[in-house]
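Input: a single structure, listed below in structure tokens.
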Amino acid sequence: MDQKKTGSFLKELRKERNLTQEQLAEKFNVSNRSVSRWETGSNMPDLSILVELAEFYNVDIKEIIDLDFE
């Protein structure tokens with residue numbers, strides 16, 4: 001898994017929903033700093049949050065963590 005690719009993908013998904021990092025952070029009960037770290041690839045969300053993110057964005061979790069689906 002390439003954390004930077006995953007982070008870019010998470011950022012793209014958030015922007016498609018026209019959400020700020022702060023709004024997403026509120027939705028998932030985390031800090032906006034956490035969201036920023038996910039999107040830069042310096043940190044990854046916990047598995048439970050990854051599952052919730054996949055459901056929220058209506059994508060397969062494999063698309064988020066693998067990105068070799070193309």
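The values are calculated or read from the model by the stated rules, or taken from the named source; none is laboratory data. All figures in this text were calculated on a predicted structure; none of them were measured in a lab. Glycine also receives a Cβ, built like all others from the backbone with ideal geometry; neighbour counts cover every protein chain displayed. Surface accessibility is based on the protein's heavy atoms, side chains included, excluding ligands, DNA and RNA. Shrake-Rupley method; radii C 1.70, N 1.55, O 1.52, S 1.80 Å.
State which residue is least open to solvent (accessible area, probe 1.4 Å) when the search covers only the range 1-54 and only residues that are closer than 22 Å to Asp66 by Cβ and hydroxyl-bearing (Ser, Thr, Tyr).
Initially, the range 1-54 is screened for residues closer than 22 Å to Asp66 by Cβ, giving 1-17, 24, 28, 34-35, 37-54.
From what's left, hydroxyl-bearing (Ser, Thr, Tyr): 6, 8, 34, 40, 42, 48.
Working: Thr6: 1, Ser8: 68, Ser34: 36, Thr40: 74, Ser42: 82, Ser48: 72 Å².
Among those residues, the one meeting the criterion is Thr6.
Can you confirm whether Ser36 is touching a helix residue (DSSP H, G or I) at 6+ places or on another chain (Cβ under 7 Å) and closer than 16 Å to Lys4 by Cα?
On the way: touching a helix residue (DSSP H, G or I) at 6+ places or on another chain (Cβ under 7 Å): yes; closer than 16 Å to Lys4 by Cα: yes.
Spelling it out, Ser36 is indeed touching a helix residue (DSSP H, G or I) at 6+ places or on another chain (Cβ under 7 Å) and closer than 16 Å to Lys4 by Cα.
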